[in-house]
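Q: Below are the structure tokens for one structure; questions will follow.
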Amino acid sequence: MILVTGANGNLGAATLAALHARGAIATGSSRTPSEGMRRLDFDDHSGIDLAGVSILALVSAGYAEDDQVVRRHAAVLDAAARDGVRHVIYTSLTGAGDHLGFALAHRATERRVRACSLPWTILRNGLYAELFGALLMWGDDGVESAFGDGALAAVARADLAEAAAIIAADPAQHTGRTYDLTGAPITTADVADRLGVPHRTIGLGEYRRRLLNDMPDLLPFQPPMLASIATGIRHGFLDGTSPDLADILVRPMSDPLATAVAAASATRPGRSQVTAGSARAFPHGGGHAVIDHAASVSLAAWCRRSYSLGLRWPLAECRRRVL
């Protein structure tokens, strides 16, 4: 049986759905499981039970400080070795993201994955196109960002989920492989042009000021993560491409620009409130479920969006609306 962790989050849920679409015998897990899922709380190390699991798709539990994330992942890997799991697939962060504020936990986990006694595959996921669109801020007459003219090799979350499902369904040929899964480079100007609005660049100092002063609900580790994404895109560190994703999918990748435009458009001022269905476009994991790297920062983006629209939602309400 294949087990997908964080299955109440967007990436986990999409991966599980893709596995079911392929006819695979698979289930999900979460700290707050839905019907038919297993309950797995990565912070309850003694309670992690992977009995009966042959393939483990470990979706990063990145919604915390680095030390807590690494402890969580280590506990799951120990349980996998103990309970007879035959292959581990870990959703990591693109190789170009080593300088990002949430990279260390991923690289530390990769070390543990490679050092464990189990066959493994590492998926170094690029940043979501949904995230890129969500991080744009609506101003009076257009969109604002701290990305400047920089590009992001953005990728649709659905493509990453499908790639994970393909590998989980037949992991043997991918043993010991590390794949860099990025998409086509897009810029804020591309998104603004498609939306038919101007784009205004703000400085990194102004962006950090907004994060620190205008968004009191952000958790302490979130502003550095968001700022690191902004400077990475702005200075051309996240625009590198790789053929790995297209090779795994054996089809053209989804258009990241269309995905980013949809995410930005969903909260355009003057539109009705984002529904639960459209909010699923945003890359955030579910409730207390395991949350990947992009989910950590997209919750912050959503909170900032609410502030830019004059909606003073607390963190819990931001989370509810994203889910």
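Q: Conditions: (1) within 20 Å of Y63 (Cβ to Cβ); (2) part of a helix (DSSP H, G or I); (3) open to solvent by 10 Å² or more (accessible area, probe 1.4 Å); (4) of a type outside the set (S, T, N, Q). E162 meets all but one. Number of the miss?
A: Looking at each condition in turn, E162 falls short on (1).
Q: Here's a check for you: in region 71-125, which residue that is β-branched (V, I, T) and part of a strand (DSSP E or B) is nearest to the chain's Cα centre (by Cα)?
A: T91
Q: For region 263-271, indicate whether the set of residues that are of a type outside the set (V, I, T), farther than 19 Å from E130 by Cα and modelled with pLDDT under 85 is non-empty. Before you say what the answer is, go through the steps one by one.
A: We begin by selecting, within region 263-271, every residue of a type outside the set (V, I, T); these are 263-266, 268-271.
With the extra rule that they be farther than 19 Å from E130 by Cα, the set shrinks to 270.
Those left that are additionally modelled with pLDDT under 85: 270.
Taking every residue of region 263-271 in turn, at least one turns out to be of a type outside the set (V, I, T), farther than 19 Å from E130 by Cα and modelled with pLDDT under 85.
Here's the yes/no breakdown for (1) touching a strand residue (DSSP E or B) at 6+ places or on another chain (Cβ under 9 Å); (2) in contact (Cβ under 8 Å) with a residue 24 or more places away in the chain; (3) open to solvent by 10 Å² or more (accessible area, probe 1.4 Å); (4) closer than 30 Å to A153 by Cβ:
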residue: I2; (1), (2), (3), (4): yes, yes, yes, yes
residue: T15; (1), (2), (3), (4): yes, yes, no, yes
residue: L19; (1), (2), (3), (4): yes, yes, no, yes
residue: S34; (1), (2), (3), (4): yes, yes, yes, no
residue: T94; (1), (2), (3), (4): yes, yes, no, yes
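Q: Quick check on region 238-247: of everything there that is more than 25 Å from Y63 (Cβ to Cβ) and in contact (Cβ under 8 Å) with a residue 40 or more places away in the chain, which residue is most open to solvent (accessible area, probe 1.4 Å)?
A: T241
Q: Helices (runs of 4 or more DSSP H) wholly in region 185-237 with at least 2 residues that are under 19 Å from the mean Cα position of the chain (by Cα) and in contact (Cβ under 8 Å) with a residue 12 or more places away in the chain - which ones?
A: 222-234
The values are calculated or read from the model by the stated rules, or taken from the named source; none is laboratory data. Just so it is clear, the model here is predicted, and its values are computed rather than measured. Please note: Cβ atoms are built from the backbone with ideal geometry, for glycine as well, and neighbour counts cover all protein chains shown. Protein only, heavy atoms only, side chains kept; ligands, DNA and RNA dropped before computing areas. Shrake-Rupley method; radii C 1.70, N 1.55, O 1.52, S 1.80 Å.
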